Amino acid sequence: MKLNNAFFEKNSIALLIGILVVVAIGGIVEIVPTFYLENTIEKVSGERPYTPLELLGRDIYVREGCYNCHSQMIRALRDEVERYGHYSLAAESMYDHPFQWGSKRTGPDLARVGGKYSDEWHRQHLSDPRSVVPESIMPPYAFLAKTPLKFDHVDEDLIANRRVGVPYTDDEIKDAKADIYAQTHPDSDEVDAFQKRYPKAVARDFDGNPETISEMDALIAYLQMLGTLVDFSVYNASDNLR
């Protein structure tokens, strides 16, 4: 059947109705299946909320516009999986507000950058990107190492995240400032309690300067945990289909 385009082109009301019908059909096709799913997020073990230091590092990552050049979404395509690692799961972003998925990549995807490089490499890369990646067009962020991290109100950040669904406990909120100190001072007596609250969290001097807790500490702590919480050596996608 041949559609007479001229009819729609000459009748704005008919064109508007046609658009609404097409959009409605598309919306129904996308939305209805979700009503038959118990959960749209995969069941995985290992995921936890960000530590207070990682959370502030993520805020710095967003503040400096890192998301404009780096996605955190590995697609289920062979070339992406071979380059970056296991494709991204929705569960890995369940505590992100907003999530960092995207398609813009001036630089590489960072979904699995955690543990790939040393803290020293990150410090050098952030301070002088072209010293480690000659073709990089990333601006330098050396000032982060000289900028003390402001965390007097980090407990309020945790409270705000809890209001949108991140399961921070009262104890985690109460100890938020102490946990930032513990994560940047591996010899602290509070490290064991901190790591009990945040499994797989690493405690060390990320910026290489034990005299201060800097924004560089927070950003590197955030980068070093990306993609490290789910053990993909035992993860089985088919388990979520049962």
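The single residue among 74, 19 that is more than 22 Å from residue 199 (Cα to Cα), of a type in the set (A, V, I, L, M) and not in a helix (DSSP H, G or I) turns out to be 74. Check residue 139 against each of (1) in a loop (DSSP other than H, G, I, E, B); (2) out of contact with any Ser or Thr (no Cβ under 9 Å at 6 or more places or on another chain); (3) within 18 Å of residue 224 (Cα to Cα) and name the one condition it does not meet. It fails just one condition, (3). Confirm whether residue 59 is modelled with pLDDT of 95 or more and either open to solvent by 20 Å² or more (accessible area, probe 1.4 Å) or more than 30 Å from residue 170 (Cα to Cα) (or both). Against the criterion (modelled with pLDDT of 95 or more and either open to solvent by 20 Å² or more (accessible area, probe 1.4 Å) or more than 30 Å from residue 170 (Cα to Cα) (or both)), residue 59 qualifies.
Counting just the residues of region 83-130 that are within 20 Å of residue 204 (Cβ to Cβ) and of a type in the set (Gly, Ala, Ser), which one comes out surrounded by the fewest Cβ atoms within 10 Å (Cβ to Cβ)? Once the filter is applied, the top-ranked residue is 118.
Taking first residues from region 43-60 that are on the phi > 0 side of the Ramachandran plot and partners that are in a loop (DSSP other than H, G, I, E, B) and open to solvent by less than 40 Å² (accessible area, probe 1.4 Å), the Cβ contacts under 8 Å between residues at least 6 apart in sequence or on separate chains come to 46/229; 46/230. Summed over region 97-136, residues that are touching a residue at least 24 places away in the same chain (Cβ under 8 Å) and either among the acidic types (Asp, Glu) or in contact with a Cys (Cβ under 6 Å, 6 or more places away or on another chain) (or both) total 5. When each of 198, 235 is tested for being among the hydroxyl-bearing types (Ser, Thr, Tyr) and at pLDDT below 95, the lone residue that passes is 235. Condition test on residue 81, is it farther than 24 Å from residue 198 by Cα, part of a helix (DSSP H, G or I) and β-branched (Val, Ile, Thr)? In short, yes. Could you check region 153-170 and list, in sequence order, the residues that are open to solvent by less than 90 Å² (accessible area, probe 1.4 Å) and either aromatic (Phe, Trp, Tyr) or not in a loop (DSSP other than H, G, I, E, B) (or both)? Across region 153-170, the qualifying residues are 154, 155, 157, 158, 159, 160, 161, 168.
Annotation: of all residues in region 61-76 being touching a Phe, Trp or Tyr at 6+ places or on another chain (Cβ under 8 Å) and without any contact (Cβ under 8 Å) to a residue 40 or more places away in the chain, the one that is farthest from residue 205 (Cα to Cα) is 76. Against the test of being within 30 Å of residue 80 (Cβ to Cβ) and either open to solvent by 40 Å² or more (accessible area, probe 1.4 Å) or assigned to a helix (DSSP H, G or I) (or both), the options 200, 196, 177, 150 yield a single qualifying residue, 200.
The values are calculated or read from the model by the stated rules, or taken from the named source; none is laboratory data. What you are looking at is a predicted structure, and each value in this text was computed from that prediction instead of being measured. Every residue, glycine as well, gets a Cβ built from its backbone with ideal geometry; the counts of neighbours run over all protein chains shown. What goes into the accessible areas is simple: the full protein's heavy atoms, side chains included, and nothing from ligands, DNA or RNA. Shrake-Rupley method; radii C 1.70, N 1.55, O 1.52, S 1.80 Å.
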